[in-house]
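To start, the structure under review is shown below, and the notes come after it.
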Amino acid sequence: MMAKPAPTRPRTRPAPAPRVGFVSLGCPKALVDSEQILTRLSAEGYTIAPSYGGADLVVVNTCGFIDAAVDESLSAIGEALAENGKVIVTGCLGAKDGGAFIRAAHPKVLAVTGPHAASEVMAAVHEHLPKLHDPFVDLLPPSIGKIGVKLTPKHYAYLKISEGCNHRCTFCIIPSLRGDLVSRPIGEVMVEAENLLKAGVRELLVVSQDTSAYGVDVRYRTGFWRGRPLKTRMTELATALAALAVEYGAWVRLHYVYPYPHVDDSIALMAAEGDAGLLPYLDVPFQHASPRILKLMKRPANVENNLKRIRAWRAACPQLTIRSTFIVGFPGETDAEFEALLEFLSEAQLDRVGCFAYSPVDGATANALPDPVPDALREERRARFMATQEAISAHRLKRRVGSTLTVLVDTHEGARALARSAADAPEIDGNVAIDNGAELPIGEFARVRITGASAHDLSGLPV
């Protein structure tokens, strides 16, 4: 007699993974925070929803640097609440008044944390949207691997080397939001850099609040990478990253570099323009050219030394691109001091420049300074400043016509490719538009003969 088969259990459909929507605002440092949170969410089995309606809960990573950023963040939180209803807030604005500022504007948010707070965000997510997976046994999905979730295109990534800042610039509230400088261990930074390059990243963008101060908080403690000692210091980090980039045929770009004397050592490490290694590019926030205004800003810089250093940098590395940011209309700024700033621009001949009209950020000590500049005059000065710089930029870019550059292809636009040269950081600098470039692969390097130039961009043809 044949045995009866055991009854089969009806198959149960697995419960859908909880879905989290994500809104990321602010600077590249905040973007890295978002990537870390998204990596943790994915590792624990959460699905990232592309819309409010498809999400069980929404996380908003905010910015609080200037009033416009505060308004944008508050608006994004309000929109998420209106469209979804379950919102967790993190980021710089979340740190303001210990979270009370956000709760006063939007009392229905589920939780509020400050910046660089992945663990606190995950705790809030766990409370309001319990996870399905066990973090002790689950692994990171294979598609994420060692580099985690990235919000940038596959071919470039931000490498954050520290958190916080030791400066107390009077126009800035970042230290009150992100705290004092905390440098990441250099071995940890190098391992992340190598993992990114192994995953196909072709450009590493080094970011922090003050890249030049890397390691100050740990007294340049010696770390280890690949079994050899390496000091936690900007020069040693730049040296190691440059060698690693050459090994993988990639670029390294330095951002947020204060003009300290030891920056000179990094100039000597810079590769020929477009070659693999440390790019001949520095992002240096000079902010102003008046000694009195710089003193009121509490900026660690000297105008004459800055001009001498710029000349010395260009003498040592003629292909160097210098980007900077400035503030006009700072409290007490006179007509003469603004004219001195324009003279500095003309003399320095900077390649890439951004300018802000002073914004009285809530909590900044500069707000208490006498003689505020009227709004209309601040905007007038900003327009004059940018017109002056636009002429400088157009002149400097025109010299590129007829040359051949190595570029990194970012995207296609019809029959054209849009790319960037060694002189162009993503999002903030110009582009190289390549006619007949639709066949050039995105995320790869190409050689381009430059045929035209505008105030900010170049155009050319594939070689």
Worksheet item: Given N residues in segment 60-213, what is Rg(Cα) / (2.2 N^0.38 Å)?
Response: 1.17
Worksheet entry | Set of aspartates and glutamates near Lys308 by C-alpha distance (under 12 Å), chain-local residues within fewer than 8 positions excluded | Asp264, Glu347
Worksheet item: Which percent of the accessible heavy-atom area of the chain goes to carbon and sulfur, probe 1.4 angstrom?
Response: 55
Discussion item. If you average the alpha carbon positions of segment 248-283 and of segment 24-102, how far apart do those two centres end up, in angstrom?
Written reply: 33
Item to complete: Give me the accessible area per residue for the chain, probe 1.4 Å, as a whole number in Å².
Response: 45
Item to complete: List the extent of the Cα atoms of the chain along each of their three principal axes, largest first, rounded to whole Å.
Response: 102, 55, 49
Practice prompt. Leaving ligands, DNA and RNA out of it, work out the accessible area of Ser359 with a 1.4 Å probe and give it in Å² to the nearest 10.
Written response: 30
Worksheet item: Looking at this model, which pairs from Lys150/Lys398; Lys108/Lys160; Lys154/Lys398; Lys160/Lys231 are more than 25 angstrom apart at the alpha-carbon?
Response: Lys150/Lys398; Lys108/Lys160; Lys154/Lys398
Item to complete: Would you mind getting me the FRET efficiency between Asp67 and Arg449? Use the beta-carbon distance for r and R0 = 30 Å, nearest 0.05.
Response: 0.10
Fill in: Disulfide-incompatible cysteines by the Cβ rule (no partner under 4.7 Å) in the chain
Cys27, Cys63, Cys92, Cys165, Cys317, Cys355
Fill in: Asp265 paired with Arg292, simple spin-label distance in nm, labels 7 Å along Cα-to-beta-carbon
3.8
Item to complete: Pull up the DSSP beta bridges for the chain and report the antiparallel fraction as a percent, rounded to 5.
Response: 40
Discussion item. Tell me the net charge near Ile293. Cut-off is 13 Å between Cβ atoms, Ile293 excluded, with +1 for each Lys or Arg and -1 for each Asp or Glu.
Written reply: 0
Worksheet item: Just how far, in whole angstrom, is segment 399-463 from segment 207-222 if you go by their alpha carbon centroids?
Response: 34
Response to the item:
About its Cα centre, the chain carries a charge dipole, from +1 on Lys and Arg Cβ atoms and -1 on Asp and Glu Cβ atoms, whose size in debye to the nearest 20 is 1240
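The values are calculated or read from the model by the stated rules, or taken from the named source; none is laboratory data. Computed from a predicted structure; not experimentally measured. Reconstructed Cβ throughout: ideal geometry from the backbone, glycine too, with neighbour counts over all protein chains shown. All accessible areas refer to the heavy atoms of the entire protein, side chains included, with ligands and DNA or RNA removed. Shrake-Rupley method; radii C 1.70, N 1.55, O 1.52, S 1.80 Å.
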